[in-house]
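The values are calculated or read from the model by the stated rules, or taken from the named source; none is laboratory data. As the structure is a prediction and not an experimental result, all values here were calculated from the model. Every residue, glycine as well, gets a Cβ built from its backbone with ideal geometry; the counts of neighbours run over all protein chains shown.
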Amino acid sequence: MKKLILCIGAILLLICCKNTKDVTTTVAKTEEVSSVKNNETTAGINKVIIKQHLYTLAADDMEGRKPGTAGIEKAAKYIENEFKRIGLKTYNNLPDYRQNFEHDNIKMFNVIGVLEGKSKKDEYVIVSAHYDHLGVMNPGEGDRIYNGANDDASGVSGVLALAEYFKAKNENERSIVFVAFTAEEMGLIGSKHFGKDIDASKFVAGINLELIGKEPKTGPKTAWLTGFDRSDFGKIIQKNLEGTGYKLYPDPYPKFNLFFRSDNASLAKLGVPSHTFSTTPIDIDADYHKVSDEAEGLDVGVLTETVKAVAKGTESIINGKDTPTRVVIE
Ligand SMILES: [Zn+2]
């Protein structure tokens, strides 16, 4: 009997020890996860989530995100769900995140979410990228899908990451309007529509992201800005990036006229200091507007670093301390 009790005791002790070990392991794992989470919260911008945005938006089942297709509808739903998860409000009097309109008999919509400002609610900073792309090539052999990973799933991933970052930070004195523009590839249609009814004087800056998933010729931890000399927006960013190791340069390809070739132009034409950040060596890029523009060809590290630099670089504009000079188009 005594032996049996001892034996049961030993078994219980073993089970107990095993559980303790399990508990210890579980605690250690939880600590590990929460420390990762803390780092992510401090840095605010998370590579894992950015990768998820990129790979989702550039997936084959989005069918190249051409306006009027089921593919772009799917992409829009993803963006809307993210805006909702992050906790953004709708824009103006819109009942949901979509700004619907028709162009050439195609039903289109920009996807817009708002983070209201604290003390300067009526001053807007727009953070944008286009979520449309070129669709699918005519039937034939091989890859037919224009995934548009760099152009511009990379930029939309950045917009979503910045929305999450600024929402969590909760320090924006100005209102931030996050926009995924449609039909950029058809001639900046979505951003032109957005610009139609706005009071441009309330828009203090435009931050547009295009092709931010490849390392530029200026090297790692650098990006360039279109229309650098058209306002002092770029100089404000440079000042805010001092000491971070990240550098912003003027657009190295003035001949390509890039300032007027992305959605920033639709607002710049109204006087808004609205510029595009980019990183891609566009003069030699083999994937630009090709079916080979796939997520696997991008560097998520470059994308993440750039989004972080945009967050840090635009801080004094978001918190109302700096107001860039207006753009004058002659
Ligand atoms: Zn583009």
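Results for (1) assigned to a loop (DSSP other than H, G, I, E, B); (2) more than 16 Å from the chain's Cα centre (by Cα); (3) more than 25 Å from Lys192 (Cβ to Cβ); (4) within 16 Å of the ligand (Cβ to nearest atom), shown as yes or no for each residue.
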| residue | (1), (2), (3), (4) |
| --- | --- |
| Val125 | no, no, no, no |
| Gly142 | yes, yes, yes, no |
| Val159 | no, no, no, yes |
| Leu162 | no, no, no, no |
| Glu171 | yes, yes, yes, no |
| Ile176 | no, no, no, no |
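Taking the options Thr276, Thr314, Thr323, Thr280, name whichever one is outside the structural domain of Gln238 (by TED's automatic domain parsing) and of a type outside the set (A, V, I, L, M). Please lay out each step first, then the result.
Details: Thr276 fails: outside the structural domain of Gln238 (by TED's automatic domain parsing); Thr314 fails: outside the structural domain of Gln238 (by TED's automatic domain parsing); Thr280 fails: outside the structural domain of Gln238 (by TED's automatic domain parsing).
The conditions single out Thr323.
Suppose we keep only residues that are closer than 21 Å to Asp122 by Cα and touching a strand residue (DSSP E or B) at 6+ places or on another chain (Cβ under 7 Å) within the stretch 52-89. Which one would you say is surrounded by the most Cβ atoms within 10 Å (Cβ to Cβ)? First the steps, then the outcome.
Applying the first criterion (closer than 21 Å to Asp122 by Cα) to the stretch 52-89 yields 83, 87-89.
Checking which are touching a strand residue (DSSP E or B) at 6+ places or on another chain (Cβ under 7 Å) leaves us with 83, 88-89.
On the way: Phe83: 26, Leu88: 23, Lys89: 13.
This residue is Phe83.
Inside the stretch 229-267, can you point out the residues that are out of contact with any Gly (no Cβ under 6 Å at 6 or more places or on another chain) and within 16 Å of the ligand (Cβ to nearest atom)? Steps first, please.
Filtering the stretch 229-267 for residues out of contact with any Gly (no Cβ under 6 Å at 6 or more places or on another chain) gives 229-236, 238-239, 242-258, 260-263, 265.
Passing the criteria: Asp251, Tyr253, Phe256, Asn257, Leu258, Phe260, Arg261, Ser262, Asp263, Ala265.
This table checks each residue for (1) within 19 Å of Ala205 (Cβ to Cβ); (2) touching an Asp or Glu at 6+ places or on another chain (Cβ under 6 Å).
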site	(1), (2)
Asp263	yes, yes
Lys269	yes, no
Ser278	yes, yes
Ala286	no, no
Ala295	no, no
Thr304	no, no
Glu330	no, no
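Name the residue, out of Lys214, Lys196, that is assigned by TED's automatic domain parsing to the domain that holds Thr304, within 16 Å of the ligand (Cβ to nearest atom) and charged (D, E, K, R).
On the way: Lys196 fails: within 16 Å of the ligand (Cβ to nearest atom).
Selected residue: Lys214, the only one of Lys214, Lys196 that is assigned by TED's automatic domain parsing to the domain that holds Thr304, within 16 Å of the ligand (Cβ to nearest atom) and charged (D, E, K, R).
Quick one: which of Ala183, Ala205, Ala129, Ala153 is in a strand (DSSP E or B), within 13 Å of the ligand (Cβ to nearest atom) and crowded, with 22+ Cβ neighbours inside 10 Å? Working first, answer last.
Working: Ala183 fails: in a strand (DSSP E or B); Ala205 fails: within 13 Å of the ligand (Cβ to nearest atom); Ala153 fails: in a strand (DSSP E or B).
The unique qualifying residue is Ala129.
Test Ile237 against the criterion of being crowded, with 19+ Cβ neighbours inside 10 Å and either closer than 22 Å to Thr306 by Cα or at pLDDT 95 or above (or both), and give yes or no. It would help to see each step written out before you state the result.
Details: crowded, with 19+ Cβ neighbours inside 10 Å: yes; either closer than 22 Å to Thr306 by Cα or at pLDDT 95 or above (or both): yes.
Judged against the criteria, Ile237 is a match.
Here is a yes/no grid of residues against (1) within 25 Å of Asn92 (Cβ to Cβ); (2) within 16 Å of the ligand (Cβ to nearest atom); (3) surrounded by 24 or more Cβ atoms within 10 Å (Cβ to Cβ):
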site: Asn138; (1), (2), (3): no, no, no
site: Phe166; (1), (2), (3): yes, no, no
site: Lys192; (1), (2), (3): yes, yes, no
site: Ser201; (1), (2), (3): yes, no, no
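For the stretch 137-179, which residues satisfy the criterion of being among the aliphatic types (A, V, I, L, M) and touching a strand residue (DSSP E or B) at 6+ places or on another chain (Cβ under 6 Å)?
Let us first name the residues in the stretch 137-179 that are among the aliphatic types (A, V, I, L, M), namely 137, 145, 149, 153, 156, 159-163, 168, 176-177, 179.
Result: Ile145, Val156, Val159, Leu162, Ala163, Ile176, Val177, Val179.
Just one of the numbered conditions (1) on the phi > 0 side of the Ramachandran plot; (2) away from the ligand (no atom under 16 Å from the Cβ) is not true of Gly148; which one?
In the conditions (1) on the phi > 0 side of the Ramachandran plot; (2) away from the ligand (no atom under 16 Å from the Cβ), Gly148 misses (2) alone.
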